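Undergrad: Can you read through this structure? Questions will come right after.
The values are calculated or read from the model by the stated rules, or taken from the named source; none is laboratory data. Remember, predicted model here, so these are calculated numbers, not experimental data. Don't worry about glycine lacking a Cβ; one is built from the backbone with ideal geometry, like all the others, and counts go over all protein chains shown.
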Amino acid sequence: MKPTLGILSLTAFSALVAGCGYTRKNENYSQLATVGPHYSSIAANIVAPKCYPCHAPGGGAPDFTSYAGVRDQVLPGDPGGSGFYTEVEAGDMPIGRPMLSDDEILAIYQWIRNGAPND
């Protein structure tokens with residue numbers, strides 16, 4: 001009877017541990033369906049509302065108000081080599097504001113991976 005109790009205890013413990021985990025909280029659920037891996041979507045739904053406080057003329061950081069400005073921070077096809085992606089993925093940007101959601105970061109990743117087209 002003791003081996004059965006041990007197996008049941010181990011099974012219950014394993015189920016409990018498997019149910020535990022950290023999932024990054026999505027702070028902006030309204031944007032999940034609207035942000036796609038396209039520059040126009042990223043510009044309208046991420047860059048304008050979340051980056052312009054610093055990344056606009058007079059903001060003190062590189063100007064992201066145009067495709068060319070964002071594109072200067074991107075290595076098409078290589079998200080890991082693109083500051084625009086690595087800074088938000090690491091949580092370093094936007095400074096002093098909530099992190100981007102996983103879906104927003106994924107949209108940026110996919111856009112860069114697809115060659116960062118101006119669409």
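Undergrad: Leu32 passes all but one of (1) modelled with pLDDT of 90 or more; (2) more than 16 Å from Pro117 (Cβ to Cβ); (3) within 13 Å of the chain's Cα centre (by Cα); which number fails?
TA: It fails just one condition, (1).
Undergrad: Among the residues in region 61-73, are any touching a residue at least 12 places away in the same chain (Cβ under 8 Å) and more than 20 Å from Gly36 (Cα to Cα)?
TA: No - not one qualifying residue is present in region 61-73.
Undergrad: I'd like the full set of residues that are of a type outside the set (Ser, Thr, Tyr), in contact (Cβ under 8 Å) with a residue 24 or more places away in the chain and buried (at least 17 other Cβ atoms within 10 Å of the Cβ), limited to region 85-102.
TA: We begin by selecting, within region 85-102, every residue of a type outside the set (Ser, Thr, Tyr); these are 87-100, 102.
Filter once more, so that each one left must be in contact (Cβ under 8 Å) with a residue 24 or more places away in the chain: 93-95, 97-100, 102.
Hits for region 85-102 are Met93, Pro94, Met99, Leu100.
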